[in-house]
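Note sheet for the following structure.
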Amino acid sequence: MNRSKRIEPVVKIAEVRERDAAHMLGESQRRLKESEARLNELAGYRDEYARRFAAVAGQGLDVALMRDYRVFLERLNAAIDQQQRAVETARRDCDAKRGQWLDTRRRAQSLNKVAENYRRQENYEQSRREQRESDERAQRSGAFKNEH
């Protein structure tokens, strides 16, 4: 079996690993976008709630209602802080997955290049063999004609 055929399974495995890494990167990017969207949603909700609180507080509030507004805003801020941490975690995961994908991609490309070089070399050697055989046949044919 020639070298290009022997390396094919290795190339296929590298390509599968690259596809898997690309899929994992895509999933990680999706999770990051979802986390960012949730963060934006929470921040928008907090800003809207703070605006309403300011408008109502300007008209005067009783102590209990003011405390409830403040407690709710603190909870929203805590949720936003937690979501910001989730976004950072998702971003780090996405960066790690991108690095893994790039590594598997480089490996697959390198193996494909090696396999292509093997095929090119085998084709060249095959062409040379065919040419040599053709030359030998032509030489024998010429020698046969000279004898008769």
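The values are calculated or read from the model by the stated rules, or taken from the named source; none is laboratory data. From a predicted model like this one, the values you see are computed outputs, not experimental measurements. Neighbour counts are summed over all protein chains in view; Cβ atoms, including those assigned to glycine, are modelled from backbone coordinates with ideal geometry.
When region 54-96 is examined, which residues are found to be among the polar types (S, T, N, Q) and either within 15 Å of GLU34 (Cα to Cα) or part of a loop (DSSP other than H, G, I, E, B) (or both)?
Just the residues of region 54-96 that are among the polar types (S, T, N, Q), to begin with: 59, 77, 82-84, 89.
Within region 54-96, GLN59, GLN82, GLN83, GLN84, THR89 meet the criteria.
Just to check your reading of the model, which residue among TYR45, TYR124, TYR118, TYR49 is in contact with a helix residue (DSSP H, G or I) (Cβ under 6 Å, 6 or more places away or on another chain) and among the hydroxyl-bearing types (Ser, Thr, Tyr)? Walk me through how you get there before you give the answer.
Numbers: TYR45 fails: in contact with a helix residue (DSSP H, G or I) (Cβ under 6 Å, 6 or more places away or on another chain); TYR124 fails: in contact with a helix residue (DSSP H, G or I) (Cβ under 6 Å, 6 or more places away or on another chain); TYR49 fails: in contact with a helix residue (DSSP H, G or I) (Cβ under 6 Å, 6 or more places away or on another chain).
Matching residue, one of TYR45, TYR124, TYR118, TYR49: TYR118.
Residues checked against (1) under 24 Å from the mean Cα position of the chain (by Cα); (2) acidic (Asp, Glu):
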| residue | (1), (2) |
| --- | --- |
| GLU74 | no, yes |
| ALA79 | no, no |
| GLN84 | yes, no |
| ASP95 | yes, yes |
| ASP103 | yes, yes |
| ALA115 | yes, no |
| ARG128 | no, no |
| GLU133 | no, yes |
| SER141 | no, no |
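Which members of region 8-22 meet the condition of being crowded, with 18+ Cβ neighbours inside 10 Å and either in contact with a Phe, Trp or Tyr (Cβ under 8 Å, 6 or more places away or on another chain) or of a type in the set (S, T, N, Q) (or both)?
Those that are crowded, with 18+ Cβ neighbours inside 10 Å and either in contact with a Phe, Trp or Tyr (Cβ under 8 Å, 6 or more places away or on another chain) or of a type in the set (S, T, N, Q) (or both): GLU18, ALA21.
If you scan region 53-69, which residues turn out to be exposed (fewer than 11 other Cβ atoms within 10 Å of the Cβ) and either under 42 Å from the mean Cα position of the chain (by Cα) or not small (Gly, Ala, Ser) (or both)? Steps first, please.
Of all residues in region 53-69, those exposed (fewer than 11 other Cβ atoms within 10 Å of the Cβ) come to 54-55, 58-60, 62-64.
Result: GLN59, ASP62, VAL63.
Output the number of the condition that LEU25 fails; it satisfies all remaining conditions of (1) more than 18 Å from the chain's Cα centre (by Cα); (2) buried (at least 17 other Cβ atoms within 10 Å of the Cβ); (3) modelled with pLDDT of 95 or more; (4) not basic (Lys, Arg).
All conditions pass for LEU25, except number (1).
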